[in-house]
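The values are calculated or read from the model by the stated rules, or taken from the named source; none is laboratory data. Since the structure is predicted, the reported quantities are computational estimates derived from the model, not experimental observations. Cβ coordinates were reconstructed from backbone atoms using ideal geometry, including for glycine residues, and neighbour counts include every protein chain displayed.
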Amino acid sequence: MDRLEAIRAFVAVATTGSFAEAARRRVMSPSAVTRSIAALEEQLGLQLFNRTTRSVRLTERGEIYLDRCRRILEDLDEAERQARGEDAEPRGMLTVTAPIVFGRLHVLPVVNRLLAAYPDLSIRLMLSDRNVHLVEEGVDAAVRIGDLADSRLVAARLGEVARVLVASPAYLASKGSPRTPADLSRHDLIAFEGIDLTREWRFASGEVHRVEPRLAINNSDAAIAAAEAGLGIARPLSYQVREAVEAGRLELVLPSTTPAPVPVSIVYPARRLASANLSTFVGPVREHFRLQPLTPIRAAGR
């Protein structure tokens, strides 16, 4: 048994509450994760999880072991960084996570430049619209959209975005433009289920309207494509549709009701500050947004 890999698998299962999800995050087969946990429990002589057909929960001893394992993984990462030194040439694996569309538009170009500049550096880019657990999933840095709740992380602000309403010119010509948020009840709406799970749309005045979308999609790219195709009014983040709005494929709807913008930040554990790989990534990301400011469409002077 690879003890370290077994510990990482254990932390992943404890964090996700699922062997299958832990396997996906660790890029392992579910059976390999199950074998690792079983071998770890056999070596420890205790049960780490209570398993049923519907849930996986830590035992009391498992809770104690989880806390220690997290510290071990953090200490190991810190030891590796110190051994390489702050000024070491970037090498080995850097793991970064970002929202799907944001990562494709803004993070991937930076990754491409870094890979070209540093031949010994490898990068794992995890694009996901969920908030990935950095320490538990072995992630060096994450891009977060919205207010930050975890004060244990170091954060650098990259810009801000706002949630906007958009529709195609053809749709608005056919259905008309709503004049107030209440008018949306008479329109075809497109909801992105990753954000609109409650189906409550908030506006600048503080109004909250519960909507009944005609089309609900679990992928933001698809929701935007549906809006461009004239299927209705969508509610993406401003950065996701800036190019489509500026090109005229989409138009802003009720722009005066756009809610206050939210920050976009890059976050990372404080203990990774000495990482040559991390500093090599954070610097270019901040420079990218200095040269290409990230602001809501309404503030960009269309």
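Listed by position, the strands (runs of 3 or more DSSP E) inside region 5-112 whose residues that are under 28 Å from the mean Cα position of the chain (by Cα) and under 30 Å from ALA244 (Cβ atoms) number at least 3 are 92-98. Hey, PRO181 hits all of (1) touching a Phe, Trp or Tyr at 6+ places or on another chain (Cβ under 7 Å); (2) in the same structural domain as LEU278 (by TED's automatic domain parsing) but one; which does it fall short on? Exception for PRO181: condition (2). None of VAL135, VAL164 is under 30 Å from ARG235 (Cα atoms) and either touching a Cys at 6+ places or on another chain (Cβ under 9 Å) or not small (Gly, Ala, Ser) (or both) except VAL164. Screening the candidates LEU40, LEU46 for the property of being of a type in the set (A, V, I, L, M, F, W, C), over 25 Å from ASP77 (Cα atoms) and not assigned by TED's automatic domain parsing to the domain that holds VAL139 yields one hit, LEU46.
Only a single item in (1) polar (S, T, N, Q); (2) touching a strand residue (DSSP E or B) at 6+ places or on another chain (Cβ under 7 Å); (3) surrounded by fewer than 20 Cβ atoms within 10 Å (Cβ to Cβ) is not met by THR15, and it is number (2). Residues of region 210-231 that are modelled with pLDDT of 95 or more, surrounded by fewer than 22 Cβ atoms within 10 Å (Cβ to Cβ) and small (Gly, Ala, Ser): ALA225, ALA226, ALA229, GLY230. When region 93-147 is limited to residues that are acidic (Asp, Glu) and exposed (fewer than 14 other Cβ atoms within 10 Å of the Cβ), the one that is nearest to ASN218 (Cα to Cα) turns out to be ASP147. If you go through region 248-302 and keep only what is within 20 Å of the chain's Cα centre (by Cα), basic (Lys, Arg) and either buried (at least 16 other Cβ atoms within 10 Å of the Cβ) or modelled with pLDDT under 90 (or both), you end up with just ARG272.
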